[in-house]
Amino acid sequence: MKKVTSLSALIVSGALVMAACGDNNGDDNNNNAPADDNNNAVENNADNNADDDMNDMNNDNDADDNNANNNDADNGEAGEAGDISNLQLGTGSTGGTYYPLGQEIATTINNNIEEYDDFDLSAVSSGASVDNISSIFQGEMDMGMTVHLPALNSLTGEGDFEGVEVDNFGFMGHIYPEVMQIVIPEDSEFESVEDLEGASIAIGPPGSGTQEAARLILEAYGLEEGDYEVYEEGFGDAQGRIQDGQLDASFGLLGLPAGGIEELAASADIDLLPLTDEGLDYVEENSGYAAFDIPADSYDFLDEDVQAITAYAIMVGSLDSIDEDLGYEITRAMFEHAEDITHPQGEAITQEDALLGSDGLPMHPGAERYFEEEGILD
């Protein structure tokens, strides 16, 4: 079966598979080249394969493997659990927040799951939000971390999921608030996103929430593809380029504070580029992102608050490979043992905030039962 991921990013499936393969630094020529250098080859492949990809997405959801479970998923119910000894949790690029946090979440769940002796959950790097949902849709992952907005788009076939409705995942809990942070060298002359015209910019991997939000922000200032040099890579790759003076700006939808930014600040002079009131208005009018002020004390290098946007990072799980009982146990282990997570964003995994980002999303039956028993959900 073909790997089908971001759905307008299906058009760049070659780049997306590389972003999702689990090693974002394995091929410097591919990962570090401007997107325009690779577009011709990718577009030629996409022209030949796009129709086939869309047909694959809309057919039988891997009928040979999943027919028995798909009937349940279509009804909003979880199918029977399959092989629980090799479950996959999709995270993000190795330099972002999802990957290290996802590693700890998987370890916490593995250490505290009950009544499932063969259970094993592995956190793997990926292209993040859109990629993770698409991989669940294709039966290639069992759980995924995502911004809540692409998850909403996937239900109706909008945004990066244009024309394809994803119906086999359920909400399993809020993880942490994500904040868009635009990193620039401190000695740059950029004062507004508008000044990035002609600049080299890392906008995040294909299929990531970062890239979707970055393009929207740039659009708010009249900048379209071709007005700047695009690098489709995660913050881990961009971090080294900024330090070496090879990149003008990097967009990252990250936790606050972001470990990667703190690491970069320890070896390079950097700053965060704020959004203007007009830019914020455009983003809020054209998406579900909300305005957010990054406090000046978030990083040592900041002198004042920085205007930005925020959304929710959430956990979703497959309705095909994770049944109600297993979903209950996973949710229970994640929320009742969140104190085992040492990553700073783990502090946001609380029962009190468990339902943030769930509005409009289907609930995984196992998570729903847990939330009801705990009095979190009426």
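The values are calculated or read from the model by the stated rules, or taken from the named source; none is laboratory data. These numbers were taken from a predicted model, which means no experiment stands behind them. So basically every Cβ, Gly included, is an ideal-geometry build from the backbone, and we count neighbours across all protein chains shown. The area values use the complete protein model at the heavy-atom level, side chains included, leaving out ligands, DNA and RNA. Shrake-Rupley method; radii C 1.70, N 1.55, O 1.52, S 1.80 Å.
Screening the stretch 262-319 for residues that are within 30 Å of Asn168 (Cα to Cα) and among the polar types (S, T, N, Q) and picking the one that is least open to solvent (accessible area, probe 1.4 Å) gives Ser318. The residue that is most open to solvent (accessible area, probe 1.4 Å), among those in the stretch 341-378 that are hydrophobic (A, V, I, L, M, F, W, C) and either at positive phi or part of a helix (DSSP H, G or I) (or both), is Ala348.
Here Asp359 qualifies as of a type in the set (Asp, Glu) and under 20 Å from the mean Cα position of the chain (by Cα).
Restricting the first member to the stretch 260-280 and to residues that are farther than 18 Å from Phe190 by Cα, and the second to residues that are open to solvent by 50 Å² or more (accessible area, probe 1.4 Å) and not in a loop (DSSP other than H, G, I, E, B), the beta-carbon pairs closer than 9 Å and six or more apart or on different chains are Leu264/Gln243; Ser267/Gln243.
The set of residues in the stretch 117-141 being at pLDDT below 95 and closer than 21 Å to Asp340 by Cβ consists of Asp117 alone.
Considered as a group, the residues in the stretch 221-263 that are among the acidic types (Asp, Glu) and in contact with a Ser or Thr (Cβ under 8 Å, 6 or more places away or on another chain) include one that is farthest from Asp195 (Cα to Cα), and that residue is Asp237. The set of residues in the stretch 171-216 that are buried (at least 22 other Cβ atoms within 10 Å of the Cβ) and of a type in the set (Phe, Trp, Tyr) comprises Phe171, Tyr176. Name the residue that is farthest from Leu355 (Cα to Cα), counting only residues in the stretch 151-172 that are among the aliphatic types (A, V, I, L, M) and touching an Asp or Glu at 6+ places or on another chain (Cβ under 9 Å). That would be Leu155.
Pairs linking a residue in the stretch 125-154 that is within 19 Å of Glu233 (Cα to Cα) to a residue that is open to solvent by less than 10 Å² (accessible area, probe 1.4 Å) and among the charged types (D, E, K, R), with Cβ atoms under 8 Å and 6 or more positions apart or on different chains, are Val147/Glu178. Listed by first and then second residue, the pairs with beta-carbon distance under 9 Å, at least 6 apart or on different chains, first residue in the stretch 219-234 and closer than 27 Å to Ser126 by Cβ, second open to solvent by less than 40 Å² (accessible area, probe 1.4 Å) and among the charged types (D, E, K, R), are Tyr231/Asp237; Tyr231/Arg241; Glu233/Arg241.
Per this entry, Ala333 is not counted among residues that are under 25 Å from Glu212 (Cβ atoms) and either open to solvent by less than 50 Å² (accessible area, probe 1.4 Å) or not in a loop (DSSP other than H, G, I, E, B) (or both). Going by the structure shown, is Glu219 charged (D, E, K, R), surrounded by 24 or more Cβ atoms within 10 Å (Cβ to Cβ), closer than 17 Å to Met180 by Cβ and within 23 Å of the chain's Cα centre (by Cα)? Taking the combined requirement at face value, the residue does not satisfy it.
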